[in-house]
Structures are given as structure tokens and as C-alpha cells.
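A.B. asks: Encoded as C-alpha cells, here's the structure I'll be asking about.
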Amino acid sequence: MNRPVLVFDMDGVLVDVTESYRETIARTVAHFTGGGVSRRRIQDYKNQGGFNDDWELTHRIIADAGVNVAFEEVKEHFQRVFLGSAYSGNNGEGAVASDALILRERWIARPGKLEALANRFRLAIFTGRPRAEARLSLRRFAGDLVFDPIIALEDVENKKPHPEGLLRILQANRDSSGRACPAFYVGDTVDDARCARAAEVPFIGVTAPSSPGYLDLVFLFQAERPYAIVDDINYLDEVFPS
């Protein structure tokens, strides 16, 4: 039997995006509205479900503040903040400057943790990030790890909580008899949990006690009947003891 597959979301799971994506949301909202948005309020939107796409979330927060601006204009400003002054209107992997907020990201796994899991599982990624942005962070932090496949924003027609991305990973990981290998999905939002449930894949929820709205998210995860809930991915060895 082939090894089971451990599928990771990226933002908030593999990578701490507090000072990258979340800060970009706040700065973009401030640019268009002249007012701030707290990290707790951003999390409250995420907890509603249906806001896995940070461009769409940012546009919604701006609209809810009473400001009418085109989605593409919001997205363009968001990308200039996130990828910095070198952003040229595309998501090329080289389009990053020293002022890019993506460079504030922090890899969450401690040394050796994912490597140990890779001895027992095949590792894969299903993320709502554009592929180029996923590769940028993986190249910075995890160049020696193999995630296969990596399903990113451009690879699916339906965004989370639709299970399309997970189903594609299951299809790509079948044993010699054609059966899907056992799989688990590790995510940090209610959309991740609902995506896993729709794909009939056990879900492992990640939420740190220090996170805004921690208890609210724990209750949302519990309603989805998760396989486990952990503070971060460094505790996965307790979920899957040797």
C-alpha cells in the first residue's frame, strides 16, 4: 500500500501570514477607505466562510465600509503592497522587491518536523494562493521538501470550500489497484474544514490560542467533526504518533 497523503493549506498552516497577507488586507482597506480594520475583524470575516480569497475579502470589507471601488483596482493595489514596488501587473516569480510584505512571512514548522512526516506520508499542498506566490515562499523556506502535487489558485475552477482541489490530489494519489490512498487535510479556516468534509477527507484544524477569535474558530471546527485540532503543525507528531 502506498503511503498516505498529508495535504497542507499554506497560509496560517505552513506560513505565518500575519505580517504579509493579513497586513496587506489592512493596508489596502486603509488606502481605499481612510480607516483601519482590526485583525480580529478580518478573522471574523474568515470565520463566516466564503472568504478564502483575500482579494475578494478585501474588496468586501471596503464595500461594507461604504466605498464603491472596482474589484480589479483593489486587487492591483493589494498586489503592489504584497509584492512591493517591483510588482509589474503580473504574478511573475521574480516580481518581488525589498519592500514586499511577502518577505515578512515566517515558516512555522520547526527544523526536522516536516522532514520526519515526509518519511511516513507523501506531502501535498492545496492553497488559494496564486502558484507563483506559493513557489516564492516554498523556495525561501522549504527548498529541500517535496510537495506533490501543489494545487494553487489557477489550478481549480471552484474555490474553497468547494473540494475540487482536494479531489484532484486524491485522483493523483492512487495505489496500484487504482484506489485513492488515505489522505488528511490540514487547514486553518472553516472553508478548509468544509472543503475536507465535502471531499470526505479527515480534517486537522490549526488555530493558535493567541489568534484573534480563537475560541470561535475552535467551535466552528468542532461543528465540522475534525480528525484533530492543534495549535500549529509542530504538534502533528502527536496526532500521528510513531
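Here, each number is a calculation from the coordinates, and none is a lab measurement. Bear in mind the structure is a predicted one, so any value in this text is a computation, not a measurement. Don't worry about glycine lacking a Cβ; one is built from the backbone with ideal geometry, like all the others, and counts go over all protein chains shown.
A.B. asks: Output ³J(HN,Hα) for the stretch 47-55: one whole-Hz value per residue in order, computed from phi by the Karplus curve 6.51 cos²θ - 1.76 cosθ + 1.60 with θ = phi - 60°, and x for Gly and Pro.
C.D. replies: 5, 5, x, x, 10, 6, 7, 5, 5
A.B. asks: Kirkwood-based Rg over Rh for the stretch 21-103 (C-alpha set), two decimals?
C.D. replies: Ratio value, two decimals: 0.97.
A.B. asks: Under the Karplus relation 6.51 cos²θ - 1.76 cosθ + 1.60, θ = phi - 60°, what is the ordered set of whole-Hz ³J(HN,Hα) values for the stretch 224-235, x standing for Gly and Pro?
C.D. replies: Karplus-based 3J(HN,Hα) across the stretch 224-235 equals 8, 6, x, 5, 6, 10, 10, 5, 6, 5, 5, 9 Hz.
A.B. asks: Now a separate question. Sequence-distant or interchain residues sharing an amide H contact under 5 Å with PHE8, placed H: which?
C.D. replies: ALA124, ILE125, PHE126, VAL186
A.B. asks: Diagonalise the Cα gyration tensor of the chain and give the resulting equivalent ellipsoid semi-axes, square root of 5 times each eigenvalue, largest first, whole Å.
C.D. replies: Ellipsoid semi-axes (Å, largest first): 30, 20, 17.
A.B. asks: Once you mark the trypsin sites (Lys or Arg not before Pro) that are in a DSSP loop and have at most 14 other Cβ atoms within 10 Å, what is the longest gap between them in the chain?
C.D. replies: Value returned for the longest uninterrupted segment is 1-119.
A.B. asks: Going 7 Å from the Cα of ALA63 toward and past its Cβ, which residues in the stretch 20-50 have a backbone nitrogen under 14 Å from where you end up?
C.D. replies: 50
A.B. asks: Filter the GluC sites (Glu not before Pro) in the stretch 107-174 to those in DSSP coil with at most 12 other Cβ atoms within 10 Å of their Cβ, and list the result.
C.D. replies: Passing both the DSSP loop test and the Cβ count: GLU157.
A.B. asks: Hey, what number do you get for the chain at 222 nm if only DSSP H runs of n ≥ 4 count, each worth -39500 (n - 2.57), divided across all residues, to the nearest 500?
C.D. replies: Mean residue ellipticity at 222 nm (helix-derived): -11500 deg cm²/dmol.
A.B. asks: Follow-up question, since we're still on this one. Test of understanding: what is the full-extension gain from LEU145 to PHE71, defined as 0.36 nm times their sequence separation minus their Cα-Cα distance?
C.D. replies: Difference between extended and current length: 23.1 nm.
A.B. asks: Tabulate in residue order the Karplus-calculated ³J(HN,Hα) for the stretch 136-145, using 6.51 cos²θ - 1.76 cosθ + 1.60 with θ = phi - 60°, rounded to whole Hz; enter x for Gly and Pro.
C.D. replies: Running phi through 6.51 cos²θ - 1.76 cosθ + 1.60 with θ = phi - 60° gives 4, 6, 5, 5, 5, 10, 9, x, 8, 8 Hz.
A.B. asks: Same structure, new question: Cross-link candidates for LYS75: which lysines have Cα within less than 29 Å, leaving aside residues fewer than 8 places away along the same chain?
C.D. replies: LYS46, LYS159, LYS160
A.B. asks: Let me ask you something else. Can you give the charge dipole size of the chain about its Cα centre, rounded to the nearest 20 debye, using +1 on the beta carbon of Lys and Arg and -1 on the beta carbon of Asp and Glu?
C.D. replies: 300 debye
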